[in-house]
Amino acid sequence: MIERLRTILADPAADTAGKVDAAIEAWFKKGEQNNLKAMLKDRRGVIEAGLESALFGRMVTSDPDANTDAAIHVAHAFTVHAEAAEPDYFTVVDDLKSAEGESGAGGLFDTELTAGLFYGYVVVDIPLLVSNLGDDAALAGKVVEHLVHLIATVSPGAKKGSTAPYAYADLMLIEAGNTQPRTLANAYRTPCTAFTEAAVGAMGQYLTKIDSAYGNPPERAHLSIDAATLPGSTLKSMDDLASWARDLVAGQA
């Protein structure tokens, strides 16, 4: 396409912007558009939507066949303890106008800041992810490996310039299996204290109960900065946990 555009621009007859636009439009209407459609048809499902869409989905209203279902499902995080907000305020003053003797613009605003020990939950639909990536299980494994690192180390937050919300996960548990995934959010129906030990203890108790009730527990591994233990789970370092997840996914080939 780049070479074709260079040819059009080099044509002495295309000496105005309008003529260049007309030449490009004529080129597409005389078959190139059909060529592109044929290429897309041949590439259906082979990372056609790009890596980001392969993970989080894509909707194309003009071409339903190009829609991609999300392989990554992310729940809203919440604090495992009672939330407490800290009120804050900030002002906006037009200093330049004030220096010139004019009133300018100004404002006084308030906001609420909150922090806590959060529980987050992410599901990866492995068969769908592999399918979205052109049935490349090895690539899907690498994607999951990087995703594990990102989930553990990237903290979403607003007003980064004044809150610096950069915290690493105190604990990260990964479960792998062929059954319906389920969140462990119910472990915190009764809020616990804002300490990692209390949150891990509540999670461990809930895991024991759900394993006893449903049986056939999934394969588990976890990261813990306090070397905490969880029922049926193997403690691993960050790199080892991500590699473990990668190998599980790559083994789906």
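Odds and ends about this structure:
- Flag for residue 175 being of a type outside the set (A, V, I, L, M) and farther than 24 Å from residue 125 by Cα: no
Residues are listed down the side, and each one gets a yes or a no for (1) out of contact with any Gly (no Cβ under 8 Å at 6 or more places or on another chain); (2) within 17 Å of residue 72 (Cα to Cα):
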position	(1), (2)
156	yes, yes
168	yes, no
180	yes, yes
185	yes, no
203	yes, no
211	no, no
237	yes, no
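- Every pair of residues 6+ apart whose Cβ atoms lie under 7 Å, when the first sits in region 109-127 and is farther than 14 Å from residue 140 by Cα while the second is of a type in the set (A, V, I, L, M) and part of a strand (DSSP E or B): 112/85; 113/85; 114/85; 122/72; 122/74
- Helices (runs of 4 or more DSSP H) wholly inside region 131-247 containing at least 1 residues that are surrounded by 16 or more Cβ atoms within 10 Å (Cβ to Cβ), of a type in the set (A, V, I, L, M, F, W, C) and in contact (Cβ under 8 Å) with a residue 12 or more places away in the chain: 137-153, 196-214
Laboratory data are not the source of any read-out in this text; all were calculated from the coordinates shown. As the structure is a prediction and not an experimental result, all values here were calculated from the model. Note that we place each Cβ from the backbone using ideal geometry, even for glycine, and neighbour counts take in every protein chain shown.
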